[in-house]
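To start, the structure itself, in structure tokens.
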Amino acid sequence: MSSDKFVDKQVAFLYASQTGNAESISHNIYLEAIRRGFRASHHVLDDYRKFNFDSLRTIVFVVSTTGDGDPPDNSARFWRVLRKSSKQSEAYVHLRYAVLGLGDTNYSNFCNTAQRLDKQLEEAGARRFYRKGLADDATGMEDVVEPWIDGLWEKLEEIAECSGKKGEGAEEGEKGEKGEEGEEGEEGEEAKEAEESEEAKEAEEAKEPKEPKEAKEANEANEAEEMNKAASGDQAAAGLGALSLSDADGSAGIPPVVLDFRAMSGLSALTGVPRAPAALCTTAIAPPPPPPAPGARDSAASLPPWHLDICSSSTSDPEQQPFVAVLRSREPLTSDDAVKRTLLAELQLPAPDRTRSRAGDAFNVYAPNDPRKVTALLQQLRLDGKAGGRVAVGSLDERIAVPVHLRRFTTTVGGSAASATSATTVPSATTVPSATTVPSAHTAHTAHAARTAHAAHTVDSVLRWAVDLHQPPKRQALRALADCCADAEDRERLLFLSSRQGTGQYERLRAQSAGVPETLALFPSCRPTLARLLDLLPPLLPRSYSVCNAPQGGRWRFAFNVVEYALEAADPFAQREEQAVVRMERRGVCTPFLAALPLGAPLLVARRPAAFRLAPADVPVIMVGPGTGVAPFIGFLEQRAMQRPLPEAPMWLFFGCRSAQHDFLFRRQLEDAQEAGRLRLSASFSRDGGGAQYGGRGYVQDAMVENGEEIAELMAQGKAVIYVCGDAKGMGKDVNAALVGILVRYAEAHPEWPAQLGVAKMDPAAAAKLLTQWAAEKRYLRDLWA
Ligand code: FAD
Ligand code: NAP
């Protein structure tokens, strides 16, 4: 190990990802590392048991930030372990690390996960070997990600050399420190809760607003935009230019996208074109079987064909094991004229042991891509005749496994064609997991097992259930698609879109919510193979919903906004005035699926770690939940109503909506609870003022400020817990700012109060710090989402 000639090219790539971006970026770096001769491994942070974190020497982290500065769900357990270890200042002196953070400056606590990780590792003695990268989705992540990756290799080579010379190149796991498994297993519930509370404290401490300096520095997009504008101006003046590309009819019924490529012909060269991700996947497709007899269609089309596998596979947390629930009811909560359509749905859960839920819980729903998008994509790939054919996915590089979300497709086709590594045998009806693992109310679906065993591995199922067709393609993906064009103009346009000069049009593509099918419809000669597309598409992730009842009787109710919206884009080449604006209907993945699901249909769900817990019955609670953010508080109300004797501690809800007539969600329930003295309701109406009964226009924070003295009193007495739920982008930030203002004003009226709290002066910074402290003490809890 200490030989001068030894070069330790070992590196672990660890990621924490909420929507798949961090995973995909980390995976691409890992693939490149393998190609560059590194002994690389790749893991999600919560798999720390597999990689023995304590013994790794060189780690490259790619971590995203979600909600209100929170780490992704798939790193929750890792944080507990890290916090435990990092209490010792020397715990990680052997470790060299680099961190790439992904975030969005539209939200508070930009790149908080990366900042917090960096801080904790540094405190525990680890050495950062390369600058921290903080990528901002608001301005285009690639502007930071690409140069950061470019610079990484030199640093990795340097430290590999260095390790060899100094003889530091210990094997992964060589240190032989105790793995975390035993430790974790021994933990009691109490210890865990204490840990979580400490963890929350640290998380909140790290949530002080930060200026995203590095993101700004790295972002040269504005410059590119300027160049683009200038080029566009020249172009227009010269009367040149390619036609705006609007596929007026859409492909296979998908709505069109409007882009303007006139700026291209004024450009001599493109800069900032990213590298295309290296090819990894390979596919073999078997001829499809004859179409099923009429009426033999699988009635369980609302479930992924491999749901039986998922339901019976063992996960590290059995509480989060997916299971099949049945849609029992669905009703509108809003009027036909409401700005957003909100529905209340009820699921029947299968067995009592699955229903150990409490108010404040949330759960995940597994939904498929819009079939129209799948059809359009199949047509574009010229695969429409093969949709029912069985597909086997393999890896072009035997050292590299295919991404996790594609591994169930690593079967051989007809036992021969696939060059898949780690190929498994084709599942037959007999290898389908037994029905006993599936909730009894749903065993009818096992009758479909044999059929789904085939369907689970078709071209159609991989595009419907495994990959995300909704997200706009990343610039690297556009670069890769340029290489799949038969037509030179299509290729050049795709290169332009991926370049610095194309930033303006790329942002337009994103603003039009164009997924891969819509984007490909613009470039008719672009025909990637299925394998290449699988390299480029991120995994399709489940969506989360808050349970809005006190779970009992095996039911979960939840309220959701149906994500269906219209966008408009100007078409500068329109021949007639009425065509000057192109209207595009867009839909989300999960909520339109839920809105259209027939009653009685099964769907795959899984519990999600709870963000909120109702405070004990003697603790006053203040709840802030505009729109569907009110959901968990309806559960809280029900839970308190069930307690005997009836709790006396007050419940105060700040609810907000646009109009008392159209979107006052749960109005009857809330007003009844108020009449019964179980709830104090402060409702705000942003557009119609609430009519005679309520009066006055405003947001929830306006009502809070009006009642500031009382809120501050409740908080100051040290008893109340305040909960905020809903939109992270605007409301979450503004409510926090309102609370800061309330505390500052309260302190002016009560000069003795800051000293009681050990604060010299209650200015906005001190008030913000106090809120952070209360958050750590779980007296100020937020569950915020985009
Ligand atoms: P997606 O396919 O995810 O599309 C959503 C995207 O569409 C947006 O991010 C945005 O980019 C775009 N978009 C949407 N509207 C517009 C517009 N008008 N203009 C331009 N672009 C637009 N949601 C609820 O409704 N109820 C809940 O109780 C709830 N609870 C949640 C609990 C948790 C813990 C979390 C994390 C989230 C929760 N959400 C809830 C949000 C929910 O998970 C989904 O994000 C939401 O339902 C959208 O899912 P979708 O698949 O239909 O849309
Ligand atoms: P919404 O669109 O946020 O609108 C509700 C009300 O809030 C409207 O009156 C709106 O007014 C107002 N509003 C807009 N900007 C505001 C601001 N800066 N401060 C305060 N109020 C503001 O409601 P929604 O459509 O139901 O969306 C709620 C969001 O929460 C969604 O993103 C949903 O996905 C999320 N959600 C998250 C969770 C969770 O994380 N557990 C649970 C449920 C819902 P105007 O439109 O008139 O401006």
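Bear in mind that the values in this text are calculations on the coordinates, not laboratory data. Because the structure is a prediction, the values reported are computed rather than measured. Reconstructed Cβ throughout: ideal geometry from the backbone, glycine too, with neighbour counts over all protein chains shown.
What to note about this one:
- Only the Cβ atoms of Lys and Arg (+1) and of Asp and Glu (-1) were treated as charged; on that basis the dipole of the stretch 621-785 about its Cα centre amounts to roughly 360 debye.
- Taking amide H as placed 1.01 Å from N in the peptide plane, the amide H of Arg782 sits under 5 Å from that of Val724, each at least 5 places away or on another chain.
- For trypsin sites (Lys or Arg not before Pro), the sites in the stretch 738-786 that DSSP calls loop and that have at most 12 other Cβ atoms within 10 Å are Lys761.
- Only one residue of Pro626, Asn707, Pro650 has its Cα farthest out toward the positive end of the dipole of the stretch 621-785, where Lys and Arg carry +1 and Asp and Glu -1 on Cβ, and that residue is Pro626.
- Cβ-based net charge around Ile34, under 10 Å, with every Lys or Arg adding one and every Asp or Glu removing one: +2
- Net charge of neighbours whose Cβ lies under 10 Å from the Cβ of Ala649, counting Lys and Arg as +1 and Asp and Glu as -1: 0
- Table column - 3J(HN,Hα) (Hz), the stretch 361-372, Karplus curve with 6.51, -1.76, 1.60, x for Gly and Pro: 6, 10, 8, 9, 10, 9, 10, x, 5, 4, x, 5
- Taking each of Lys119/Lys155; Lys9/Lys373; Lys155/Lys733; Lys9/Lys50 in turn, the alpha-carbon distance tops 31 angstrom for Lys9/Lys373; Lys155/Lys733.
- Across the stretch 621-785, the mean sequence separation of Cα contacts (distance under 8 Å, 6 or more residues apart), normalised by length, yields a relative contact order of 22 percent.
- Long-range amide H partners of Ile59 with built H, under 5 Å: Ala12, Arg96, Tyr97, Ala98
- Shape of the stretch 61-164, Cα gyration tensor, a/c cut at 1.5: oblate
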